[in-house]
Amino acid sequence: MVSSPMEAAHAAFWAERGGLLFRQARHAASMNQRALASVSGTSRTTLSAYEHGRKSPTLETAGRILDAAGFRLALEPKVEFTTRESGDGRLFHVPSRLPRLPVAAALGVARLRDRDYDLADREERRAAYALLLCEGGPQELLDHVDAVLLAELWDELDLPPHIRAEWRPLMEDAQHGVGVIT
C-alpha cells in the first residue's frame, strides 16, 4: 500500500516521538540500551532503531519496553483550546475539557502576574480563577484550574458576560461530570 506524503510525515513524526519516549524512559531508569533491551526481551539494535525513529514497535512491544523501564503506557485525553477575543480586544482561552488536578496543584500556590495566590484559600482561589479565565494562557489554565473547584465557584466568579458565555457550556458539562479529565 502506497501512503501519501502526509501519511508518511505523520508516521515519521510518531516514530520520532516514540523514540524520544523510549530514550526518556531508559534514561529515567538509569539503564543503557543493552540492559533495557535485555530486560524487555528485544535486541539492542532493535531498541536503538526504535529510539532513533527508524522503526516503529507494535503497541504490545512499546508497552513491554516501557514496563521494563518502570513506566506504563497510558491513554491521556487531549485538551484543545479555542482562542476568543474579548470586547476590549484581549484574547482569552477556553479548553475543550477540564482536568482534575492532583491535590498539591489544585490547592497549591499559583504565581500569576507577579502575585502569589493560595489556592487552598477559597477567596484567593476565586480571584485567581477569575483572572485565569479572563487572561490565563493554555498552560496556566491546565496547571491551576481544577474542574470540580471551578464548578463549585462558578456562580461566585466575577466575570465579564462574554467570558462567562464562552465558558458556560463547559461548566454545565463539568457540573454534570461530563468532559472532566480524572
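The values are calculated or read from the model by the stated rules, or taken from the named source; none is laboratory data. Quick caveat, the model's predicted, so the values are computed rather than measured. All Cβ positions, glycine included, derive from the backbone under ideal geometry; neighbour counts span all protein chains shown. Each accessible area value is taken on the protein alone, full model and side chains, heavy atoms only, with ligands, DNA and RNA left out. Shrake-Rupley method; radii C 1.70, N 1.55, O 1.52, S 1.80 Å.
A few notes on this one:
- Per the listing R26, R64, R17, R54, the residue uniquely in contact with a helix residue (DSSP H, G or I) (Cβ under 6 Å, 6 or more places away or on another chain) and free of Cβ contacts under 8 Å to residues at least 40 places away in the same chain is R64.
- Of all residues in the stretch 126-143, those satisfying the criterion of being surrounded by fewer than 21 Cβ atoms within 10 Å (Cβ to Cβ) and more than 17 Å from R100 (Cα to Cα) are A127, A130, L131, C134, E135, G137.
- For the stretch 126-165, residues that are part of a helix (DSSP H, G or I) and in contact (Cβ under 8 Å) with a residue 12 or more places away in the chain total 25.
- Test for L91: is it among the aliphatic types (A, V, I, L, M) and touching a residue at least 12 places away in the same chain (Cβ under 8 Å): no
- Residue among A120, A106, A147, A128 that is more than 23 Å from E85 (Cβ to Cβ) and either modelled with pLDDT under 95 or in contact with a His (Cβ under 7 Å, 6 or more places away or on another chain) (or both): A147
- Residue match in the stretch 21-40 (condition: more than 27 Å from the chain's Cα centre (by Cα) and of a type in the set (D, E, K, R)): yes
- The set of residues in the stretch 68-125 that are open to solvent by 60 Å² or more (accessible area, probe 1.4 Å), assigned to a loop (DSSP other than H, G, I, E, B) and closer than 30 Å to S30 by Cα comprises G70, F71, R72, L73, A74, L75, E76, K78, P102.
- Residue ID - nearest to H52 (Cα to Cα), chosen from residues in the stretch 1-14 that are part of a helix (DSSP H, G or I) and free of Cβ contacts under 8 Å to residues at least 24 places away in the same chain: F13
- Those residues of the stretch 28-57 which are open to solvent by 100 Å² or more (accessible area, probe 1.4 Å) and modelled with pLDDT of 95 or more, in sequence order: S30, R34
- Test result for S96, closer than 30 Å to M171 by Cβ and of a type in the set (S, T, Y): yes
- Tabulated pairs, the stretch 35-51, first in contact (Cβ under 8 Å) with a residue 24 or more places away in the chain and over 18 Å from A15 (Cα atoms), second among the charged types (D, E, K, R) and surrounded by fewer than 16 Cβ atoms within 10 Å (Cβ to Cβ), C-beta under 9 angstrom, 6+ apart or interchain: L36/R44; S40/D67
- R17 being on the phi < 0 side of the Ramachandran plot, surrounded by 15 or more Cβ atoms within 10 Å (Cβ to Cβ) and among the basic types (K, R): no
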